[in-house]
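Participant: My questions all concern the structure below.
The values are calculated or read from the model by the stated rules, or taken from the named source; none is laboratory data. A quick note: this is a predicted structure, and the numbers were derived from the prediction, not measured. So basically every Cβ, Gly included, is an ideal-geometry build from the backbone, and we count neighbours across all protein chains shown.
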Ligand code: GRG
């Protein structure tokens, strides 16, 4: 199967599982369940869950066992987007090509929607089958650590506190390690755990997730400068407009492109211990480097 069909098929599997896991839109109180579904089924790329499934396969596992953590990481990701878009944070009107959650449901409901999505992530995660090496304790610790004050929340704090300052590359990398790279790494690790990954396999996929996550963020910063709002589905040029520190603003566009390629190469090198089973992950990494939205 070529990569485009593979990604579409995997995203469809994730969507079908997500539809089963989430409370129905009419379940009372309906507004919150509608809002959760509005945020989740808004046409995201499903990159994190697809990586989670691919990580399971790269360790010889079955994707059916990795669907719950795949949905859990997407739920955590969607919560972070809903809260990040709020007026108190990035104040964005557009996400995934549609009005942001708070624009449709109001600020109070969007706060609750993010809270509910985050909580739901853990409910869904508990449906993951245990393996010889890993069970509920390891799965929950992994996702909670990623979402906590040292990773996602911590990264957002550094981001908020850096808003009025000119940051250097080291501070910028620290923010993206805690935000984008952390969630991509956890997606890989949870997928690997469902396949009873050996310590060597887990370490390889951890390193892959870290480097790919940083590369993804560099590309995201580049696209903010080079693409249109229509193509991105979110407000283009936003970083420049609010004078946010980004890779292009710190090292320039050309050096940013080189940095993304270097990080992607490092991600590929990390896959070596997995041998041929990692071929799909290599393809995904190349695709992500070349992505246009
Ligand atoms: C806890 C509020 C809060 C925030 C945590 C992860 C994060 C920090 C905030 C999310 C907003 C943001 C700009 C994250 C950077 C990562 C990124 C580029 C997200 C967009 O991911 P895509 O392109 O989005 O995969 P889709 O819509 O395709 O899922």
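Participant: Could you list, ordered by first residue, the pairs with Cβ atoms under 7 Å in which the first is in the stretch 133-151 and more than 17 Å from residue 79 (Cβ to Cβ) and in contact (Cβ under 8 Å) with a residue 60 or more places away in the chain and the second is within 16 Å of the ligand (Cβ to nearest atom) and assigned to a loop (DSSP other than H, G, I, E, B), at least 6 apart or interchain?
Facilitator: Within 7 Å, no pair qualifies.
Participant: Please enumerate the residues belonging to the stretch 155-166 that are more than 9 Å from the ligand (Cβ to nearest atom) and either under 16 Å from residue 239 (Cβ atoms) or touching a helix residue (DSSP H, G or I) at 6+ places or on another chain (Cβ under 6 Å) (or both).
Facilitator: Within the stretch 155-166, 158, 160, 162, 163, 164, 165, 166 qualify.
Participant: Mind listing whichever residues of the stretch 35-52 are part of a helix (DSSP H, G or I) and under 22 Å from residue 63 (Cβ atoms)?
Facilitator: Of everything in the stretch 35-52, those that are part of a helix (DSSP H, G or I) and under 22 Å from residue 63 (Cβ atoms) turn out to be 40, 47, 48, 49, 50, 51, 52.
Participant: Further question: Can you find even one residue in the stretch 86-108 that is surrounded by fewer than 18 Cβ atoms within 10 Å (Cβ to Cβ) and over 30 Å from residue 236 (Cα atoms)?
Facilitator: Among the residues of the stretch 86-108, not one is surrounded by fewer than 18 Cβ atoms within 10 Å (Cβ to Cβ) and over 30 Å from residue 236 (Cα atoms), which makes the answer no.
Participant: If you don't mind, another one. When you go through 130, 116 one by one, which is the residue that is in a loop (DSSP other than H, G, I, E, B) and either touching a strand residue (DSSP E or B) at 6+ places or on another chain (Cβ under 6 Å) or surrounded by 13 or more Cβ atoms within 10 Å (Cβ to Cβ) (or both)?
Facilitator: Going through 130, 116 in turn, the sole match is 130.
Participant: How many residues, within the stretch 217-239, are more than 21 Å from residue 264 (Cα to Cα), near the ligand (Cβ under 9 Å from one of its atoms) and in a helix (DSSP H, G or I)?
Facilitator: 1
Participant: OK, next. Give me the residue from the stretch 64-90 that is near the ligand (Cβ under 8 Å from one of its atoms) and under 10 Å from the mean Cα position of the chain (by Cα) and, out of that set, nearest to residue 126 (Cα to Cα).
Facilitator: That would be 74.
Participant: Filter the stretch 184-203 down to the residues that are in a helix (DSSP H, G or I) and surrounded by fewer than 24 Cβ atoms within 10 Å (Cβ to Cβ) and list them by number.
Facilitator: Correct list: 199, 200, 201, 202, 203.
Participant: Please specify each residue of the stretch 95-131 satisfying the condition of being within 24 Å of residue 231 (Cβ to Cβ), in contact with a helix residue (DSSP H, G or I) (Cβ under 7 Å, 6 or more places away or on another chain) and modelled with pLDDT of 95 or more.
Facilitator: Answer for the stretch 95-131, where residues must be within 24 Å of residue 231 (Cβ to Cβ), in contact with a helix residue (DSSP H, G or I) (Cβ under 7 Å, 6 or more places away or on another chain) and modelled with pLDDT of 95 or more: 101, 102, 104.
Participant: I'm trying to understand the selection: among the residues of the stretch 162-183, which are part of a helix (DSSP H, G or I) and surrounded by 20 or more Cβ atoms within 10 Å (Cβ to Cβ)?
Facilitator: 172, 175, 176, 178, 179, 180, 181, 182, 183, listed by residue number.
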